[in-house]
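This report concerns only the one structure given below.
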There are 2 protein chains.
Amino acid sequence: MATTTRRPERRQEPLSRERIVSVAVELLDEVGERGLTFRVLAERLATGPGAIYWHVAGKSELLCAATEAVVAGTVGGDDADATPQDVIRALALGLFDAIDAHPWVGAQLADAPQQAAMLQVFERIGRQVQALRVPAAAQFTAASALLNYILGVAGQNAAHARAHRPDADRAELLDAMAAEWEELDPDRYAFARSVAARLRTHDDRVEFLAGIDLILAGIATPR
Amino acid sequence: MATTTRRPERRQEPLSRERIVSVAVELLDEVGERGLTFRVLAERLATGPGAIYWHVAGKSELLCAATEAVVAGTVGGDDADATPQDVIRALALGLFDAIDAHPWVGAQLADAPQQAAMLQVFERIGRQVQALRVPAAAQFTAASALLNYILGVAGQNAAHARAHRPDADRAELLDAMAAEWEELDPDRYAFARSVAARLRTHDDRVEFLAGIDLILAGIATPR
DNA sequence: ACCTGAACACCGTTCAAGT
DNA sequence: ACCTGAACACCGTTCAAGT
């Protein structure tokens, strides 16, 4: 039906930092960080590996840029009606879902130095902390605690994703983990055993939010 | 003065998994994860790279084993007199200090899958959570929140260590960061600007503990 | 200014051959 | 059973040469 090319041929677009980063994101989603290679990236861009270096300093900068691109999309605008707690939950869930969809982002956030996108997240969290009337002296700690918790979960999610097939059934894995924990030494792992059954109905997203709420409760506690 | 060799020649000890891991820890401390190479490791062990594979499956297993070795040393025994909060603080600080001394451990914990040593940490945290009389249904969430926060900070510390020279002055870096934040756009980064000055007297360890206390306060809050 | 692609200096890992 | 070390199949990155 289409008269000309139905979708633009990628090889015909000019090379640009933007296009390199966007193809890198695609590739990272498909094959992960270890699979993202300057050679396969160059092949997809229909060029040589050297060409990429004209636009991007190296692989770590490329990973940072790809992460920024994904995270920037999750930092939405403010909703006037929402409570500060709601905004924080929405922001945290946005990051959680982005990392769920792009596990390599979790790994990158968990052990990359301060990135520009993270500063934006920190800013938005901080504003809500202020809106919660947290005393000035405690605001930094409150915002940091939330961010560090989010980054910790991000790293763990990325690790889980990397450890298993991308299409692995999370429920099955949790079942297997529950079974494992139930076999642990009752003396040395009494607690793990006592919560093992809970893994069978565990929901990562719900649990993540429950942790956010726990920290929010702590923030609301007068010193 | 010494009649024989003053310290045992490493090249004369037999190769063993234990020795490989312990030399790997040394090397990781000196040159970081990127610097740990099977070739230099083999050289230090006075053998060939292939020999290592007889005792260790590969590099990721080696990194896991090295991390386990360091973390296992931080999981101390229980102190009968201490409150549950104190035990959690001590445990968290122990991990913090271990990661401060061995930044590569932070990176490994932040994005490695469940490791045996982490299960021990989880167990010890969980026991204290139980001692705090947290309802059974909330114990898993409480212990997870604490662990995820610890892992998040671990990753960030590792990232900071990797981003700068090992001997970089943390106070100077914080000063520079404060100066940077103070130059940010007042509209878009009002919060970051408002806490920038605080960075000049920031203490990573103190801040880390304050975050732990925040979560402990949240845990103590009745639902 | 921007692209090409061969070449360099590495990696982790394997494996035939030794002891 | 354990060690050796050359060799394999890659990497990220550089750079002379092109357009």
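The values are calculated or read from the model by the stated rules, or taken from the named source; none is laboratory data. Because the structure is a prediction, the values reported are computed rather than measured. Reconstructed Cβ throughout: ideal geometry from the backbone, glycine too, with neighbour counts over all protein chains shown. The accessibility values were calculated without ligands, DNA or RNA, using every heavy atom of the protein model including side chains. Shrake-Rupley method; radii C 1.70, N 1.55, O 1.52, S 1.80 Å.
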Q. Where the only charges are on Cβ atoms (+1 Lys, Arg; -1 Asp, Glu), what is the dipole of the protein assembly as shown about its Cα centre, to the nearest 20 debye?
A. 620
Q.
So, R0 is 22 Å and r is the distance between the beta-carbons of A:ALA131 and A:ARG223; what FRET efficiency does that work out to, to 0.05?
A. 0.75
Q. So for the pair B:GLU182, B:ASP86, with labels modelled 7 Å out along Cα→Cβ, what separation do we get in nm?
A. 4.1
Q. Which FRET efficiency value, to the nearest 0.05, do you get for A:GLU30 and B:LEU209 by plugging their Cβ-Cβ distance into 1/(1 + (r/R0)^6) with R0 = 35 Å?
A. 0.25
Q: Evaluate Rg over Rh across region B:124-189, taking Cα atoms for both radii and Kirkwood's formula for Rh.
A: 1.23
Q. Which percent of Cα-Cα pairs in region A:77-186 sits in each 5 Å bin, short to long?
A. 2, 11, 18, 19, 15, 12, 10, 7, 5, 1, 0
Q | Calculated label separations, B:VAL31, copies of the chain, 7 Å along the beta-carbon direction, nm | A | 2.8
**Q.** At 7 Å out from Cα toward Cβ: B:ALA57 inter-copy label distances (nm, ascending)
**A.** 3.7
Q: For B:ALA138, put the label point 7 Å out on the Cα→Cβ axis and report which residues of region B:202-216 keep their amide N under 17 Å from it.
A: B:213-216
**Q.** Sequence of A:ARG39, B:ARG133 when ordered by accessible area, the most exposed leading, probe 1.4 angstrom
**A.** B:ARG133, A:ARG39
Q | Paramagnetic reach from B:ALA197 in region A:120-144 [backbone N under 14 Å; point 7 Å along Cα→Cβ] | A | A:136-138
**Q.** Farthest positive-ward along region B:76-220 dipole, Cα basis, beta-carbon charges - from B:ILE219, B:ALA137, B:ALA116
**A.** B:ALA137
**Q.** Average silhouette area of chain A, convex hull of alpha-carbon atoms, in square nanometres
**A.** 17.9
Q) Can you give the calculated 222 nm mean residue ellipticity of chain B, where each DSSP H run of n ≥ 4 adds -39,500 (n - 2.57) and the sum is split over every residue, rounded to the nearest 500 deg cm²/dmol? A) -22500 deg cm²/dmol
**Q.** Global form of region B:148-223, assessed from the alpha-carbon gyration tensor, a/c cut-off 1.5
**A.** oblate
Q. Shortest first, in nm, what separates the label point of A:ALA138 from those of the same position in the other copies (7 Å along Cα→Cβ)?
A. 1.7
(Q) At 1.4 Å probe radius, can you tell me the per residue accessible area of region B:10-56 in Å²? (A) 62
Q | Distance histogram in 10 Å bins (all Cα pairs of region B:10-56, percent per bin) | A | 30, 61, 9
Q) When Cβ neighbours within 10 Å are restricted to other protein chains, what is their mean count per residue of peptide A:210-223? A) 6
Q: Hey, could you get me the Stokes-Einstein D for the protein assembly as shown, Kirkwood radius over alpha-carbon pairs, 10 °C and 1.306 mPa s, rounded to whole µm² s⁻¹?
A: 67
(Q) Could you work out what % of the accessible surface of the protein assembly as shown is carbon and sulfur, using a 1.4 angstrom probe and leaving DNA, RNA and ligands out of the count? (A) 51
Q) Just going by the charge dipole of region A:76-220, with Lys and Arg at +1 and Asp and Glu at -1 on Cβ, which of A:ALA82, A:ALA98, A:ALA171 is farthest out on the positive end? A) A:ALA82
Q: Place a +1 charge on the Cβ of each Lys and Arg in region B:76-220 and a -1 charge on the Cβ of each Asp and Glu, then give the dipole magnitude about the Cα centre in debye, rounded to the nearest 20.
A: 460
Q. Helix hunt in chain B: which complete DSSP H runs extend at least 30 Å axially by C-alpha with mean Kyte-Doolittle at least -1.0?
A. B:136-163
